[in-house]
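Below is one structure, written out as structure tokens; comments come after it.
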Amino acid sequence: MYQEVRFDPAIVDAAIAGDQRVLDDLVAGCLPLVYNIVGRAMSGHPDVDDVVQETMLQAVRGLPSLRDPQRFRPWLVTIAIQQMRGRWRTNSRSVPRANLDVDVTDPGADFVDLTIAKLGLQGQRREVAEATRWLDDDDRHLLSLWWLEAVGELTRTELAVALELTPHQATVRVQRMRQQLDAARAIVRALRASPRCGQLAHLARGWDGLPSTLWRKRFARHTRECDSCADGWTDLVPADRLLVGLSLVPLPVVFSLPALQAATEALTHAGSGHLSGWLAKLGSALSAKPAVAAVAATVVLGGGTAAAYGAGAFEAPPAATASTSFTVPTASAVPGSARPTASPSAATSPSSSPASPKPTASPTALPSGRFRLLPPGAKLPSGAQCATVVRAKAIRENKAANATANKTMGHTVPGASAPLTRVDGRFTGTTEQILRWTACKWGVDEDMVKAQAAIESWWHMSNKGDWGTDASRCPADHGLGVDGTPGKCPESFGMMQVRYPYNTSAFPGVEKSTAMNLDYGYAVWRSCFEGKMTWLNTVERGSQYKAGDAWGCMGVHFSGRWHTDAAEGYINRVKDYLAQRIWTTRNFQQP
């Protein structure tokens with residue numbers, strides 16, 4: 001597991017201004033992100049470590065000339081992409097593909113094997129990782145960024161900026177890549193089947209066992225046309241849902257402290273100016289910070305991968321001093337070609353700090369018109385009060401498909417206990433008005449509500465999910481095959497994807513009424529926020545459950561657990577949408 005460093009603009013500003021401690025943390029925080037991008041895109045190429053090293057050197061050189069600190073992460077990703085493209089141009093041969101049967105304990109194993117081994121992937125998650133071997137180079141480059149978007153490390157906007165595309169162009173490319181990835185997943189299943197399909201075995205007689213574009217096309221065509229192999233396409237869980245909650249692949253460590261010091265000395269003699277100073281300090285900075293050294297040794301020395309992790313590869317570190325830190329060169333020392341330009345952000349993003357929004361004492365709209373988080377125990381406004389405030393501000397409809405559901409009222413929940421006794425779904429309006437009404441009624445920050453609803457359904461009440469083969473877990477009017485998927489039925493419905501097996505008393509209202517769906521979903525959130533879900537401390541958890549953690553309760557909505565890895569991954573995705581204010585972007589509008 002890596003130590004997450006959020007690239008807050010204030011942190012980047014402080015690093016540029018010369019705060020050595022902040023710069024050390026920023027550089028250390030960049031390494032896992034860059035390593036995962038380059039490692040997955042170059043999939044087993046011996047130059048992975050060189051490209052990571054070159055990316056970091058270019059980033060340090062170019063940091064003082066970064067025009068907008070808010071664009072730090074896409075700026076860094078763009079440098080990595082440019083370094084990979086430069087490496088491909090200088091190499092005349094293709095990337096060597098690792099054999100599918102590589103031993104995952106072998107230090108020479110490719111990045112797919114490292115991903116599977118280090119993250120403990122099983123089932124369809126493992127199949128996705130293995131399927132990436134079958135992608136073309138361009139698609140693997142895109143996949144390396146999209147994978148990080150899926151696990152919450154990048155936003156779609158940052159992905160598009162890094163590829164120098166518009167968001168729409170990026171979306172089209174991602175969709176095409178995902179189609180190729182799904183085809184590759186079907187191939188992985190077919191080749192692994194035991195016994196293997198006879199026709200497939202005959203087709204594969206001339207195959208050398210290495211993934212390639214030609215054989216991907218041949219095998220994919222077979223899996224679509226063969227009755228036996230076609231089953232591999234039927235129950236593919238969307239890849240982005242499988243990747244939520246995964247951490248980054250940890251970086252390898254193979255060097256002892258003497259080797260690190262020797263290589264650093266050699267690099268120092270080869271360097272000049274500010275770069276030389278940064279490299280000179282790097283060795284002592286790493287040894288003063290074993291955790292940083294454990295992820296940075298490969299970057300500096302260009303080494304291979306290994307199964308050993310942690311500070312045990314290093315001797316006892318000396319105490320940290322003021323001299324054991326990274327340094328940023330002055331702007332005048334940065335060559336103009338050393339960095340890609342970064343354009344100013346088109347929208348103002350809220351702070352990416354993991355802390356929950358600060359509560360306000362009043363349920364009424366602030367001068368800006370935004371409803372804020374109310375602390376546990378606060379007196380919540382009634383639905384009627386919120387309706388009056390919300391309707392005072394006209395908001396155009398941006399999801400026309402919700403028209404019927406937006407005009408439909410809900411109902412109370414039979415047998416409910418507080419706070420679910422307040423649920424009634426008694427409000428109609430445009431989609432955004434209903435979201436604001438919900439935020440007001442339940443004392444939730446309205447932008448958090450809008451971001452989470454975008455993650456869950458893209459604000460579509462018609463959205464259905466969690467498809468299964470057990471008809472008893474679905475509403476009576478949604479039997480197997482009724483909704484267009486043979487042999488399956490949906491368990492989750494609407495804006496907040498309320499799941500039928502665990503919330504039967506809220507149906508049919510949560511399926512038919514936008515207001516009821518959101519009203520019920522955030523009543524459950526409020527119950528968590530008030531500290532009523534004490535059972536969370538009796539199951540797997542990342543920390544002790546307590547009242548007042550707004551983000552923690554959003555994670556519970558997805559994972560049913562308190563600050564586990566899956567919950568944290570979901571929280572990060574919501575925060576990314578919040579930072580983008582995704583609901584204001586052009587591609588989100590469907591009036």
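The alpha-carbon of K532 sits under 19 angstrom from the alpha-carbons of these aspartates and glutamates, leaving out residues fewer than 8 places away in its chain: D519, E540, D549. Computed over all pairs of different Cα atoms, the Kirkwood value for the hydrodynamic radius of the stretch 378-461 is 13.5 Å.
Modelled spin labels at A403 and S228, positioned 7 Å past Cα toward Cβ, are 5.1 nm from each other. Taking a threshold of 30 Å on the Cα-Cα distance, which of the pairs K512/K575; K441/K488; K488/K546; K379/K546 fall above it? As for pairs spanning more than 30 Å Cα to Cα, those are K441/K488; K488/K546. First check a/c for the stretch 459-591, with a ≥ b ≥ c the square roots of the eigenvalues of its C-alpha gyration tensor; if it is under 1.5, answer rounded, and if not, answer prolate when a/b is larger than b/c or oblate otherwise. It comes out oblate by the Cα gyration axes.
Here the Karplus curve 6.51 cos²θ - 1.76 cosθ + 1.60, taken at θ = phi - 60°, turns the phi angles of the stretch 528-538 into couplings of 5, 4, 7, x, 7, 8, 5, 4, 4, 8, 10 Hz, with x standing for Gly and Pro. For the stretch 375-411 and the stretch 482-534, what is the separation of their Cα centres, given in Å? Rounded to whole Å, the Cα centres lie 17 Å apart. Using 0.36 nm per residue and subtracting the Cα-Cα separation, the extra length available between Q175 and W535 on full extension is 125.6 nm.
So, counting K/R as plus one and D/E as minus one, what does the shell of residues with Cβ under 12 Å around C197 add up to? Intermediate results must be reported in sequence, preceding the final value.
Details: positive: R189, R192, R196; negative: E225, D227, D231.
Around C197, the charge tally is 0.
Descending by average beta-carbon neighbour count within 10 Å, the peptides 60-66, 580-586, 482-488, 233-239 line up as 60-66, 580-586, 233-239, 482-488, the highest first.
Taking amide H as placed 1.01 Å from N in the peptide plane, the amide H of V498 sits under 5 Å from that of F493, each at least 5 places away or on another chain.
Cross-link reach is defined here as a Cα-Cα straight distance under 14 Å, omitting same-chain residues fewer than 8 places apart; for K464 the aspartates and glutamates meeting it are E456, D477, D483, E491, E511.
Take the Cβ-Cβ distance between D50 and T469 as r, set R0 to 51 Å, and report the resulting FRET efficiency rounded to the nearest 0.05.
Efficiency, from the Cβ-Cβ distance: 0.55.
Of the peptides 513-526, 565-578, the order by per-residue mean of other Cβ atoms within 10 Å, starting with the highest, comes out as 513-526, 565-578. The distance between label points at H168 and D68 comes to 2.0 nm (points 7 Å beyond Cα on the Cα→Cβ vector).
To the nearest 0.05, how large is the calculated FRET efficiency for D208 and A10 if R₀ is 45 Å and r is the Cβ-Cβ distance?
For D208 and A10, the calculated efficiency is 0.25.
Only the coordinates and a few stated rules stand behind these numbers; no lab work does. Computed from a prediction, not measured in an experiment: that's the story for all the values here. As a convention, Cβ positions derive from the backbone with ideal geometry for all residues, glycine included, and neighbour counts pool all protein chains shown.
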